[in-house]
Amino acid sequence: MVGVSGASGTPYAAAVLGGLLAAGHPVDLVLSRAARLTLLDETGLAWHDSAWPPVLTAWLRAPFGAAATSAVPSGPGAASRLGELLAARVRVHAPGNLAAGPSSGSYPTRGMIVVPASTACLAGIALGLSKDLLQRCADVTLKEGRRLLVVPREMPYTGATLRHMLTLHEAGAVVAAASPGFYAGARDAADLVDFVAGRVLDAAGVPHTLYRRWSGELGAARGDTQPRNGSAEPAGDLGHPGR
């Protein structure tokens with residue numbers, strides 16, 4: 001389950017989605033109402049739940065999105081193949097539909113990633129407000145003892161936000177702030193996005209090749225001439241069965 005809230009940082013969400021798809025995972029996706037405004041502002045894409053496949057396709061191929069990862073098919077017919085991949089593995093839910101499957105603990109998921117998480121969304125989850133489907137799904141994830149990852153991007157943090165983070169940590173969630181590292185030899189903003197997405201996927205136990213891992217050798221990343229993400233084929237190419 002992936003929830004996208006209204007904080008700035010839609011490229012992080014795109015890269016995480018791309019990584020999950022590359023690893024062969026089906027995804028239940030919900031965008032809050034505020035997230036739709038942020039997506040429009042940052043990418044020019046207008047999200048509609050009734051016509052989401054072309055928008056999600058464009059989002060994953062947008063600058064600083066998952067186009068920088070091995071998750072997105074490339075070459076002739078790439079957009080068509082990506083559309084087939086999304087149709088097979090992604091299920092979208094409206095934020096106001098509290099009767100959706102993931103609102104129940106009996107709906108099977110491996111866990112949930114909220115990326116990016118606004119401070120308001122973070123507070124709602126910490127307080128158990130369940131004011132929309134995103135918050136309800138996060139609450140269900142916690143009560144069922146599944147892995148919940150919350151990725152705050154806004155800063156600086158107020159005392160209230162820090163207390164909400166501590167509440168989530170004590171409840172068993174992982175708070176993974178969108179803080180890119182520079183030791184992996186980032187060459188541009190897309191590499192920094194991939195680093196954050198990769199660390200989030202690490203915490204979720206999802207294999208990926210989004211960034212160069214620390215080898216214990218100082219300066220090794222500066223001399224790396226390998227293409228971004230190496231030459232690995234997407235683990236989740238179209239041959240993998242859908243949901």
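Worth a mention:
- A single member of VAL16, VAL2 is in contact with a strand residue (DSSP E or B) (Cβ under 7 Å, 6 or more places away or on another chain) and within 14 Å of ARG91 (Cα to Cα), and it is VAL2.
- Options THR119, THR158: the member that is of a type in the set (Ser, Thr, Tyr) and closer than 22 Å to TYR12 by Cα: THR119
- The set of residues in region 200-218 that are among the hydrophobic types (A, V, I, L, M, F, W, C), open to solvent by 20 Å² or more (accessible area, probe 1.4 Å) and in a loop (DSSP other than H, G, I, E, B) comprises TRP214, LEU218.
- Some residue of region 99-111 being of a type in the set (Phe, Trp, Tyr) and more than 25 Å from GLY19 (Cβ to Cβ): no
- Residue that is out of contact with any helix residue (DSSP H, G or I) (no Cβ under 8 Å at 6 or more places or on another chain) and either aliphatic (A, V, I, L, M) or in a strand (DSSP E or B) (or both), where the choices are MET165, MET155, MET112: MET155
- Inter-residue pairs, beta-carbon under 8 Å, first within 12 Å of LEU122 (Cα to Cα) and open to solvent by 40 Å² or more (accessible area, probe 1.4 Å) and in region 164-186, second part of a loop (DSSP other than H, G, I, E, B) and among the basic types (Lys, Arg), 6+ apart: ALA177/ARG153
- Unique match (being in a helix (DSSP H, G or I), surrounded by 13 or more Cβ atoms within 10 Å (Cβ to Cβ), touching a helix residue (DSSP H, G or I) at 6+ places or on another chain (Cβ under 6 Å) and of a type outside the set (S, T, N, Q)) among ALA197, ALA221: ALA197
- Scanning region 129-141 for residues that are open to solvent by 40 Å² or more (accessible area, probe 1.4 Å) and under 25 Å from VAL206 (Cα atoms) gives ARG136, ASP139.
- Qualifying residues in region 40-88 (those that are under 18 Å from LEU210 (Cβ atoms) and in a helix (DSSP H, G or I)) - the one modelled with the highest pLDDT: TRP59
- When residues in region 152-201 are screened for being closer than 18 Å to THR119 by Cβ and among the small types (Gly, Ala, Ser), 8 of them pass.
- Among the residues making up region 131-152, a single one is small (Gly, Ala, Ser) and assigned to a loop (DSSP other than H, G, I, E, B): GLY145.
- Counting only residues that are open to solvent by 10 Å² or more (accessible area, probe 1.4 Å) and of a type in the set (Val, Ile, Thr), region 1-39 holds 1 of them.
- Of all residues in region 11-47, those that are touching a helix residue (DSSP H, G or I) at 6+ places or on another chain (Cβ under 7 Å) and farther than 23 Å from ARG110 by Cβ total 8.
The values are calculated or read from the model by the stated rules, or taken from the named source; none is laboratory data. Here the structure is a predicted model, which is why all the values come from computation and not from measurement. So basically every Cβ, Gly included, is an ideal-geometry build from the backbone, and we count neighbours across all protein chains shown. To get the accessible areas, we keep the full protein, side chains included, count just its heavy atoms, and leave off ligands, DNA and RNA. Shrake-Rupley method; radii C 1.70, N 1.55, O 1.52, S 1.80 Å.
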